[in-house]
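Structure first, then comments.
The values are calculated or read from the model by the stated rules, or taken from the named source; none is laboratory data. On a predicted model such as this, the values are computed, not experimentally measured, just so you know. In this analysis, Cβ positions are derived from the backbone assuming ideal geometry, glycine residues included, and neighbour counts consider all displayed protein chains. SASA here: full protein model, heavy atoms, side chains in, ligands and nucleic acids out. Shrake-Rupley method; radii C 1.70, N 1.55, O 1.52, S 1.80 Å.
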Amino acid sequence: MGIRGLYQYLNKRAPRRDTADTATLSNFDLHIDLLGSHYALIVRLMTKDYKRTTSAARAGRAIAAMLRETFNLENQIHLIHIDGVPNQEKAIEHAERNAAYSKQHGQLQAALNKMATKSSQGRWTSGTVIKLIHKKLGAVFKLSDADKRTLIKTLKDLGLPICQCYTEADICIADACEDGSSQHLVVSGDSDLLVYESIDSVLRPIPRSSFYAIYDKDDVLDILQFVDPMQLVVLGIVSHSDYAKNIYGFGIARNAALIRSIPVSDVKTMLATYLLTVAPKVKGTLNLTMFSTALAVFYNRQQTPVSPIPVERNKDFRDCLGEFETQKALRVTNAAVLNANRKGNLPFYKAKKSKRNQF
C-alpha cells in the first residue's frame, strides 16, 4: 500500500510525469517489484472470466511477454523481485487485511446464497448480484505459495532474472540499489519505495491505463521543500504506512511542514525532535516506540519473517468459484424441469434475437 496520501500530495503540487514509452528508459538499472506493480494483472490472469482458474504457468508466460514488450528487457539491465514470506512488522496491516477479507468473503457468500435461491426456482439472478459475485471473487483471491513457486519457475525458464526475496521485496530492492555506480529505477505501485535513501526513482503504473508515472527522488524533495533525503525518510516513518499510523491530525502536509522546521541531522535525532515538537499539540504521551517498527524498516531495513506461516486463503476462492459454477448449472436444470412444455430449445424465456447472457 505504501505511504497513505503521498502520491496525492505530490500530484496536487506538481504536474505528474506520465509516459507510455517505457522502452526509452534503458539508461537505468531496472528493478521490478512484480507483486507490487502487477498483482492486479496476475489476479485477472489467474481468475480468467471467473470460469476456471488459469494455471500459474500460463499466467507466468503472459506476464513475461508483457514485461518484455513494455520495458524492452533485452536491451536493459533488469531484475524482477518477488515477495517472500510475510513479516512480523506488518502484523497490524495483516490483521486489517484479514478483517477486510472476512467482510468481502461474507458479502460474496451472501450473493451466492441469493443466486442459490433463484437457481433453485429456475430463475435468472439479477445482473447486479452477478456483477457483485464477479467483483468479490477477485477480492478473495490470493496467490498461493504453490502458485507463486510455479510463477517463479516459469519466469526463470523463460530466461528472466528473478530475485526471490526473503521477506518484502521493498527491503531487497533498497539493498540492491545501494550500488552507486549506476542509476536505479524501481517499478512499483507502492509509494514507500520513495522513502528508502538508496532508491533514485520510482516508475508507478497508473491504474486502468497503459501509462506509468515517473517520480524522481530530487523532484520529490523539491516538491516537499526538503534539502536532505533523510527528511523524506523521517516523513515516511511518521506517516500512515503498513508499519505505523500517523499521529491523529498530522497528515503528509502538516508533517512535511514540521520536518522542514527541524534542523537536518541523523534520522533518530530528527525523529526525537519531531516528537518533542508535536507533543504539546496532542493528548497523551508520545515516545520513539510508537514509530520503532517503521524506523526499523525504512531506516535500518530490518524485517522478521512470520512463524508459523499463515494458513492459505486460496481454498475459499476455489470453493466459491465452484459454488458459482454449480448454481449456474442448477438454474438451467431446474428451468428445464419447470418449463418442460415451453416451446423452443431454451428451458427458460429468452427474447427473440436477444444476446442476453449474464454469465
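Per DSSP H run of n ≥ 4, the term is -39500 (n - 2.57); total these for the chain, divide by its residue number, and report the mean residue ellipticity at 222 nm rounded to 500 deg cm²/dmol.
Working: 13 runs with 173 residues, N = 359.
Estimated from H runs of four or more residues: -15500 deg cm²/dmol.
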(request) Tally the DSSP beta bridges in the chain and give the antiparallel ones as a percent, rounded to 5. (result) 40
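If we count every other residue with Cβ under 14 angstrom of Asp218's Cβ, Lys/Arg +1 and Asp/Glu -1, where does the sum land? Walk me through the intermediate numbers first.
Working: positive: Arg17, Lys217; negative: Glu197, Asp200, Asp216, Asp219, Asp222, Asp228.
So the environment of Asp218 carries a net charge of -4.
Roughly how many percent of the accessible protein surface of the chain is carbon and sulfur, given a 1.4 Å probe and a whole-percent answer? Walk me through the numbers on the way to the answer.
Working: 9620 of 18210 Å².
It is 53 percent, rounded to a whole number.
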(message) Using C-alpha positions alone, give me the convex hull volume of the stretch 211-284 per residue in cubic angstrom.
(response) 108
(request) Output the pairs from Lys153/Lys268; Lys136/Lys217; Lys153/Lys328; Lys217/Lys245; Lys156/Lys268 with a Cα-Cα distance over 30 Å in this structure; if there are none, say none. (result) Lys153/Lys268; Lys136/Lys217; Lys153/Lys328; Lys156/Lys268
(request) With only Lys, Arg, Asp and Glu charged, each at its Cβ (+1 for the first two, -1 for the last two), find how big the charge dipole of the chain is about the Cα centre; round to the nearest 20 debye. (result) 3340
(request) In whole Hz, with x marking every Gly and Pro, tabulate ³J(HN,Hα) for the stretch 158-163 from phi via Karplus 6.51 cos²θ - 1.76 cosθ + 1.60, θ = phi - 60°. (result) 8, x, 8, x, 10, 10
(request) Under a cut-off of 16 Å between alpha-carbon atoms, report the aspartates and glutamates in cross-link reach of Lys90, not counting same-chain residues fewer than 8 places apart. (result) Glu168, Asp170, Asp190, Asp192, Asp242
(request) Compute the signed sum of charges (Lys and Arg +1, Asp and Glu -1) over the other residues within less than 13 Å, Cβ to Cβ, of Ile206. (result) +3
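Normalised by the number of residues in the stretch 32-131, what is the relative contact order in percent for Cα pairs under 8 Å and 6+ residues apart?
Details: 35 pairs, mean separation 23.3, N = 100.
Relative contact order comes out at 23 percent.
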(request) Between Lys142, Lys217, Lys114, find the one with the highest GNM mean-square fluctuation for the chain; connect C-alpha pairs within less than 10 Å. (result) Lys114
(request) Based on the mean of other Cβ atoms within 10 Å per residue, sort peptides 256-268, 240-252, 320-332 so the most packed one is first. (result) 240-252, 320-332, 256-268
(message) Check the chain for me: any Cys whose beta-carbon has no other cysteine beta-carbon within less than 4.7 Å?
(response) Cys163, Cys177, Cys320
(request) For an R0 of 51 angstrom, estimate the FRET efficiency from the Cβ-Cβ distance between Lys135 and Ser265 and round to the nearest 0.05. (result) 0.55
(request) Please calculate how many Å² of accessible area the chain carries per residue, with a 1.4 Å probe and no DNA, RNA or ligand atoms counted. (result) 51
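Rounded to the nearest 0.05, what FRET efficiency do Ser102 and Val332 give with R0 = 41 Å and r taken as the Cβ-Cβ distance? Could you check?
On the way: r = 32 Å, r/R0 = 0.78.
It comes to 0.80.
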(message) Which of rounded, prolate or oblate describes the chain when judged by the alpha-carbon gyration tensor and an a/c cut-off of 1.5?
(response) prolate
(message) For Asp29, what residues show an amide H to amide H distance below 5 Å, using hydrogens built from the backbone and excluding near sequence neighbours?
(response) Gln183, His184, Leu185
(message) Give me the extension gain from Val85 to Ala110: residue separation times 0.36 nm, minus the current Cα-Cα distance, reported in nm with one decimal.
(response) 5.8 nm
